[in-house]
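Note sheet for the following structure.
The values are calculated or read from the model by the stated rules, or taken from the named source; none is laboratory data. Nothing here was measured: the structure is a model prediction, and the numbers come from that model. Virtual Cβ from ideal backbone geometry, glycine too; neighbours counted across all protein chains shown. For the accessible areas, the whole protein counts, side chains as well, though only heavy atoms, and no ligand, DNA or RNA atoms are used. Shrake-Rupley method; radii C 1.70, N 1.55, O 1.52, S 1.80 Å.
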Amino acid sequence: MFGAGAPPEGPGKVSPVDGAVWRLRSRGCWEDAAALLEPYAATDTAASLRRAALLVEQCMFTNDGWDAAESALRAAEALAQDDEERGAAACERGQLAYTATVLGVRDRSDEARAALGRAAALLPPTARGRAMLDYRRGLLAEHLSDTPQSAQAAYRRAHAAAAALDDLLLCSFTWRHLAGLALREGEIAEARHGFTESLRLREELGFLVGMAPALTALADVEPEPEATRLREEAGRLFRLLGGVPTWLAGQFPPA
């Protein structure tokens, strides 16, 4: 499964390991989730890719675990046998390089662009991973190239593909970033709608680790006293999760 432990689709549709991986991931326990996949990751490419994706995501949320993510990614790249698997690995490498760049660890922007370009060349047009690839290309366009129109087009492609796949978690991300671009253009009502949808999906899925960012984003476009209520709830969750995601540090008063 592409996407590092997506939410279970329903009773009987995923293994107990899949469900456990999702529960741990959704609470920000990426290392524990990756450990569950480790017995399978040595020989199974899909498990190896999922394990790498979990540890790459941990880097984004915690600004830590870089060596573990790099090691897991190299292992997944070594196991990849066909174009779709190689494309999925390249997509994760692009995300890791993008994350290191935007968090100020090291400028790996050229590597990020090259890896996502390689993923685009390798992934078949109908591959499930295309939706995630488009989303990540939107991130590069918005945050590294400062080309919001290109970012918007990529996010819209990703959103349409994610909706067709019923990938509600990815939809929560695309809603949020489309709303951010709308806010950038002063379209407050459109931004509020997108941020509201993003928060709703994360609540429905139980994606606890993504709740604080969704709440703070919505607070930015809501009037008082609702804005303060949303920020207080975000702060409570941020502290509950031990200060994750780290990019929100400094936005909340001490408990």
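One line per residue, one yes/no per condition, for (1) under 23 Å from ALA89 (Cα atoms); (2) open to solvent by 50 Å² or more (accessible area, probe 1.4 Å); (3) at pLDDT 95 or above:
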position: LEU123; (1), (2), (3): yes, no, yes
position: ARG130; (1), (2), (3): yes, yes, yes
position: ARG136; (1), (2), (3): yes, no, yes
position: LEU140; (1), (2), (3): yes, no, yes
position: THR147; (1), (2), (3): no, yes, yes
position: ALA160; (1), (2), (3): yes, yes, yes
position: PHE173; (1), (2), (3): yes, no, yes
position: GLU185; (1), (2), (3): no, yes, yes
*Mind listing whichever residues of the range 104-116 are of a type outside the set (Lys, Arg) and in a helix (DSSP H, G or I)?*
SER109, ASP110, GLU111, ALA112, ALA114, ALA115, LEU116
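For (1) under 19 Å from MET132 (Cα atoms); (2) at pLDDT 95 or above; (3) not aliphatic (A, V, I, L, M), each residue gets a yes or a no:
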residue	(1), (2), (3)
ALA151	yes, yes, no
ALA163	yes, yes, no
ASP167	yes, yes, yes
GLU197	yes, yes, yes
GLY206	no, yes, yes
MET211	no, yes, no
THR246	no, yes, yes
*Would a scan of the range 222-236 turn up a residue that is within 18 Å of the chain's Cα centre (by Cα) and crowded, with 19+ Cβ neighbours inside 10 Å?*
no
*Hits in the range 203-214 - residues which are open to solvent by less than 10 Å² (accessible area, probe 1.4 Å) and either aliphatic (A, V, I, L, M) or touching a strand residue (DSSP E or B) at 6+ places or on another chain (Cβ under 8 Å) (or both)*: VAL209, ALA212, ALA214
*Taking ARG200 and the conditions (1) surrounded by fewer than 21 Cβ atoms within 10 Å (Cβ to Cβ); (2) touching a Lys or Arg at 6+ places or on another chain (Cβ under 8 Å), which numbered condition does it fall short on, given that it satisfies the others?*
(2)
*Kindly list, by first and then second residue, each pair from a residue in the range 177-199 that is more than 12 Å from ALA217 (Cβ to Cβ) to a residue that is of a type in the set (A, V, I, L, M, F, W, C) and not in a helix (DSSP H, G or I), limited to pairs with Cβ atoms under 9 Å and residues at least 6 apart or on different chains.*
ILE188/VAL221; ALA189/VAL221
